[in-house]
1. Calculate, axis by axis, the spread of Cα positions in the range 216-434 along the three principal axes, and write the results as whole Å, longest axis first.
2. Quick check on my link table: of Lys270/Lys329; Lys270/Lys326; Lys195/Lys409; Lys144/Lys264; Lys207/Lys368, which ones sit more than 24 Å apart, alpha carbon to alpha carbon?
3. Give me the distance between the Cα centres of the range 175-225 and the range 21-52, rounded to whole Å.
4. Can you pull the one-decimal nm distance between simple spin-label points at Glu303 and Glu214, each 7 Å off the Cα toward Cβ?
5. What full-extension length gain, to one decimal in nm, is calculated for Thr342 and Lys113 as 0.36 nm per residue of separation minus the Cα-Cα distance?
6. Measuring from a point 7 Å past the Cα of Gln351 along Cα-to-C-beta, which residues in the range 361-402 have an amide N at less than 18 Å?
7. So what are the radius of gyration and Dmax for the Cα set of the chain, in Å?
8. Sum -39500 (n - 2.57) across every DSSP H segment of at least 4 residues in the chain, then divide by the residue count to get the 222 nm mean residue ellipticity, nearest 500.
Amino acid sequence: MIKHFVIDTNVLLHNAAALESFADNVVILPMAVIEELDKFKSQNNELGRNARQVIRQLDTLRARGRLGEGVPMENGGTLRILTGNGSSVTKIGLKDDIQDNKIIRVAYQLHQKGERVIFVSKDINARLKADVLGIEVMDFEKQKVNVDELYTGYRTVPVNGKVIDEFSGGQDVELPGLNALPNEFVLLVDEADRKPSALARVRDGSKLLRLNLENDTVWNIRSRSKEQRMAMELLMDESVRLVTLVGQAGTGKTLLALAAGLQKTVNEHKYERILISRPIMPLGKDIGYLPGDKDEKLKNWMEPIFDNLSYLMHVVDGRKLSIKEKIQKLLKDQIVELEALTYIRGRSIPQHFVVVDEAQNLTPHEIKTIVSRAGEGTKMVLTGDPYQIDNPYLDSSSNGLTYAVERLKELPLYGHVTLRKSERSELAAAAADLL
């Protein structure tokens, strides 16, 4: 039986290519979806961009026939726009004048006719309502990853104690059949007692490399966990052009990225400057417009960055400058540049060390836009916690950060580490684990 996929507005706002994602089936757009797209089309953000793209797609399809009767799509499927007139959901307790219910009404109408209907929505409440009516429901799964099985960047491998002795003694060691991903790390444990004994980085799928001892200390700070040590190794390796660091609050993601950026830019002069950005996404209710020019407006959003810079400035040599003056000098000398993601589209950024903090609040398309700005000689670092998302249209499985980890893990110029342990303070670690 042909499937009829009734698409909610939020699916199209999340991914403008959703119309082409249901193979050779019938895609149904309720008229209420068209009305909602019209409300979003003028917005100057990702939602507005997706709304406009969908509307243009529909206008192109309109040239092939009447949308109300159904028109063929490139993937062999059919698109129809239905009004839902002639049926009502008030008899089962849903108000007809609510937009979500107007969309569900179309699915209910087709369901009553005996069609195989699947209601696709990212709105849990809307899916619950449709399910109560006996309609099959599903979330939009494209660009989603299983965050519980997300690539961590390392694995534990039990080996014979002799192998560990050879590796620790400086001999070249290869583990045939390991088939590790590029820039993946291996924690070697003695198969006899299961105690961790050595940390290695893998090359060519099976050859074990020792970590660079020079990366043990970066900008006068040392790693406090094996995951942080792995992160330092990737951050300091110029051949790894993109690094993602995922972990809960206090694991040191942003601190390590900034320390590596300062080391590579200020001390080693490998990059011209450090570019730092983060999504403008409030935790609670927005306090409204902020006064001042771009830098003054950004200052409030960048306070977490300044906190980390203040900590790092404590550990540099003792010039007669206060911490605040040291940070201001970095900004004045344009060694550190703060940028709003709003202005990054269209830029070409060569020879920069780019740090994008709180990247879990970005969509897959926004991540693509940012990473594609990298010019010759630029290194990018994306950090974030998939379980602390403030964007109402994203979750731990559909955000751009986890999507990038899953899609890029086989690239030789990419590296990833998932950090587990909070190192900020004992209280912060307890909050992250228990609250």
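No value in this document is a laboratory result; all are computed from the given coordinates. Just so you know, these numbers come straight off a predicted model, no measurement behind them. Here the Cβ is made from the backbone with ideal geometry for all residues, glycine too, and neighbour counts use every protein chain on show.
1. If we take the Cα atoms of the range 216-434, the spans are 47, 43, 42 Å.
2. Among Lys270/Lys329; Lys270/Lys326; Lys195/Lys409; Lys144/Lys264; Lys207/Lys368, the Cα-Cα distance tops 24 Å for Lys195/Lys409; Lys144/Lys264; Lys207/Lys368.
3. With the range 175-225 and the range 21-52 each reduced to a Cα centre, they are spaced 47 Å.
4. 3.9
5. Once the chain is fully extended between Thr342 and Lys113, it gains 77.7 nm.
6. 374-380
7. Values for the chain (Cα only, Rg and Dmax): 25.6, 80 Å.
8. Helix-only estimate at 222 nm: -9500 deg cm²/dmol.
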